[in-house]
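*Asks:* Could you have a look at this structure, given as structure tokens, before my questions?
The values are calculated or read from the model by the stated rules, or taken from the named source; none is laboratory data. All values derive from a computational prediction rather than experimental measurement. With ideal geometry, Cβ positions are generated from the backbone for all residues, glycine too; neighbour counts draw on all protein chains shown. Note: areas computed on protein heavy atoms with side chains; ligands, DNA, RNA excluded. Shrake-Rupley method; radii C 1.70, N 1.55, O 1.52, S 1.80 Å.
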Amino acid sequence: MQASSYRPEEHLSLPNQPGVYRYFNSENELIYVGKAKSLKKRVSSYFNKNSGVNLKTRRMVKEIVRIEITIVNSEFDALLLENNLIKKTQPKYNILLRDDKTYPYLLLTKEHFPKIFQTRKMIPKRGTYFGPFASVKAMNNVLDLIRELFTIRTCKLDLSPYKIAEEKYKVCLEYHIGNCQGPCVGFQKESDYLKDLEHAKHILKGNLGLAKTHFKNEMQHYAENLEFEKAHKIKEKLDLLEKYQAKSLIASPSITNLDVCTIVTDEKAAYVNYLRIKNGALNVSKNVELKKRLDESEEQLLITALVRLQDQFQSDASEVLINIELDEPIEGLNLTLPKIGDKKKLIELSLKNALFYKKEKALLKGLNEDKKDRVIKQLQKDLSLPDIPDHIECFDNSNIQGTNPVASMVCFLNGKPAVKEYRHYHIKTVVGANDFASMKEIVKRRYKRLLEENKPMPKLVVIDGGKGQLSSAVEALQELGVYGQMPIIGIAKRLEEIYFPGDSYPIHIDKKSESLRLLQRIRDEAHRFAITFHRKVRSKNAFGTQLTAIPGIGENTAEKLLSHFKSVKKISLASQKEIAEVIGKSRATALFDWIEKNKGA
């Protein structure tokens, strides 16, 4: 298969055959992968539709500058190719399964006397992998069953024939307690070991019937030869196998290998349950959520999830049960919507899981939203605010002995930090350490800017400090003519006292209250932001002063260096050639000599 490239305006010349199409933007970035029964009809539908197309699809179409296609033999082949491409590239407009877990596998090693053990890393050359398993418990149950039925070794010894022949090994405790037959010392032939392993492989694949037949024949053989003790041991293994299958039996034993996939949706997402069944035993049960990207139909979402889950869990099912009607059958996929009987019961079981998963997700989302709303509503109540404080801004100053005075403003929206709205301030009009005047300056600058840009004011302003800082902030709001349009409070650090303008006495919120914890968090975030900025400015200014003391290095040169290298440490680690590229050879020589002379000082 070879990809062909087209421009968007050439979509009408696409072939009327099944295949996969890929959309690229102006930066040659792959933004969408799709499958089609007819490439011409499917791709054209994006460019010919004007109404009934959602905003995201219109936005995507505007970005397309190039189309690549790959023609395949059938719609099912297109499904598989689409799945592989999405897994590999994860384009931004494609549906992605919301599941980042690394699932466990069982590895059958490729060596003499192979071992079976669990792993989460797939390295194909190491051997054959079985899984992935939806839970560690399910995987351990299978592994425990195999180790009870067969004597599979667990040691890490190299059991190649010449190593065994050298007689370097001795049997270990596993041999003495009957879990191993001692292949390391030649007590067990590799051909016999591999026979057991072959039956273990069938169990790993979910085919319990072959293992049961093997044990029944073996038990009958020992009984006919009057070896009743050996026959009893085989019967115990057969009982163990029967017991294991009975635990996972979910339908009539007459049901052969099949998959079940059901879907329920809401406005923003789809919730899919997938069951894999082998000989009436449930091997895998998996729930996934798919976020809708381009207003996809239930049918599209179900098929997308099904193909990816079958690929993930290495399903070879000949039939798939589903819970929705399809507009058209998909070649290569045997999809059935059962109406009665055991297959209908399987759909009901799967749908029950999907509905529960949807409910669980909605509950979790509701709890998160309720907590967020609960805290800011409680803050509104505790502070007697006219509106819910879903937009809070907090100010803090920072200076040490009057040097490098700076300030910060942090913003919280719906009780969460809105980092993009944070602001740093250099104090411009105040000389020395005057926290009150500095607070007035930054509050006035902030809300003058919002007024000029016609942006919304916060529902609550928090000042880090007591009555003095609060009074200065109030003066700034009064001069701007916005005092009274938004509540403003001061929070003093020592006793967590809340001050309102004009009130002589503070109020105290219960120390265990979620609303106080939110205020503390906002105040601490403003303080952290201010301190971090102050340290950066102080360090920059201190080094700049040292730089300008070097002959030939002025303020402009020092600023160039700091702007290019970003930090003192990076300047000191730079080579003379790198410094010369920024400030020229002569200045670089003077600076480099100074750096070398002052190392370790």
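*Asks:* Just the residues that are part of a helix (DSSP H, G or I) and at pLDDT below 85, please, taken from the range 312-344.
*Replies:* Correct list: 312, 341, 342, 343.
Let's see how each residue does on (1) surrounded by 17 or more Cβ atoms within 10 Å (Cβ to Cβ); (2) over 22 Å from residue 417 (Cα atoms); (3) touching a Lys or Arg at 6+ places or on another chain (Cβ under 6 Å):
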position	(1), (2), (3)
437	yes, yes, no
448	no, yes, no
457	no, no, no
464	yes, no, yes
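*Asks:* Could you say whether any residue in the range 166-185 is touching a Gly at 6+ places or on another chain (Cβ under 6 Å) and over 25 Å from residue 286 (Cβ atoms)?
*Replies:* Within the range 166-185 (the criterion being touching a Gly at 6+ places or on another chain (Cβ under 6 Å) and over 25 Å from residue 286 (Cβ atoms)), the answer is yes, since at least one residue qualifies.
*Asks:* Six or more apart or on different chains, Cβ atoms under 9 Å: show the pairs whose first residue is in the range 323-351 and more than 15 Å from residue 260 (Cβ to Cβ) and open to solvent by 50 Å² or more (accessible area, probe 1.4 Å) and whose second is in a loop (DSSP other than H, G, I, E, B) and of a type outside the set (Val, Ile, Thr).
*Replies:* 325/337; 327/297; 328/37; 331/18; 331/37; 331/74; 332/74
*Asks:* For residue 168, which of the numbered conditions (1) closer than 20 Å to residue 193 by Cβ; (2) open to solvent by less than 70 Å² (accessible area, probe 1.4 Å); (3) at pLDDT 80 or above fails to hold?
*Replies:* With respect to (1) closer than 20 Å to residue 193 by Cβ; (2) open to solvent by less than 70 Å² (accessible area, probe 1.4 Å); (3) at pLDDT 80 or above, residue 168 is out only on (2).
*Asks:* Follow-up. Can you name the residue in the range 176-187 that is over 15 Å from residue 156 (Cβ atoms) and not polar (S, T, N, Q) and is also surrounded by the most Cβ atoms within 10 Å (Cβ to Cβ) among such residues?
*Replies:* 182
*Asks:* Among the residues of the range 334-367, count how many are under 23 Å from the mean Cα position of the chain (by Cα) and within 29 Å of residue 75 (Cα to Cα).
*Replies:* Here the count works out to 1.
Condition check ((1) assigned to a loop (DSSP other than H, G, I, E, B); (2) of a type in the set (Asp, Glu); (3) farther than 19 Å from residue 458 by Cβ; (4) open to solvent by 10 Å² or more (accessible area, probe 1.4 Å)) across all residues:
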residue	(1), (2), (3), (4)
491	no, no, no, no
495	yes, no, yes, yes
498	no, no, no, no
502	yes, no, yes, yes
505	yes, no, yes, yes
509	yes, no, yes, yes
512	yes, no, yes, yes
518	no, no, no, yes
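*Asks:* Right, something else. Looking only at the range 47-64, how many residues end up being surrounded by 15 or more Cβ atoms within 10 Å (Cβ to Cβ) and at pLDDT 85 or above?
*Replies:* 4
*Asks:* (1) under 43 Å from the mean Cα position of the chain (by Cα); (2) of a type outside the set (Lys, Arg); (3) open to solvent by 60 Å² or more (accessible area, probe 1.4 Å): which one isn't true of residue 226, the others all being true?
*Replies:* All conditions pass for residue 226, except number (1).
*Asks:* Restricting attention to the range 570-593, report how many residues are among the hydrophobic types (A, V, I, L, M, F, W, C), open to solvent by 70 Å² or more (accessible area, probe 1.4 Å) and at pLDDT 80 or above.
*Replies:* The number of residues fulfilling the criteria is 0.
*Asks:* Under 8 Å between Cβ atoms, at least 6 apart or on separate chains: pull out the pairs that start in the range 405-424 with a residue that is open to solvent by 20 Å² or more (accessible area, probe 1.4 Å) and end on any residue that is at pLDDT 90 or above and assigned to a loop (DSSP other than H, G, I, E, B).
*Replies:* Short answer, once both residue conditions are applied: 413/390; 414/390.
*Asks:* Which residue is least open to solvent (accessible area, probe 1.4 Å), if the candidates are limited to the range 188-223 and must be more than 41 Å from the chain's Cα centre (by Cα) and of a type in the set (S, T, N, Q)?
*Replies:* Applying the filter and picking the extreme gives 188.
*Asks:* Hey, could you check the range 8-46 for residues that are among the charged types (D, E, K, R) and open to solvent by 90 Å² or more (accessible area, probe 1.4 Å) and say which is farthest from residue 69 (Cα to Cα)?
*Replies:* Restricting to residues being among the charged types (D, E, K, R) and open to solvent by 90 Å² or more (accessible area, probe 1.4 Å), the top hit is 27.
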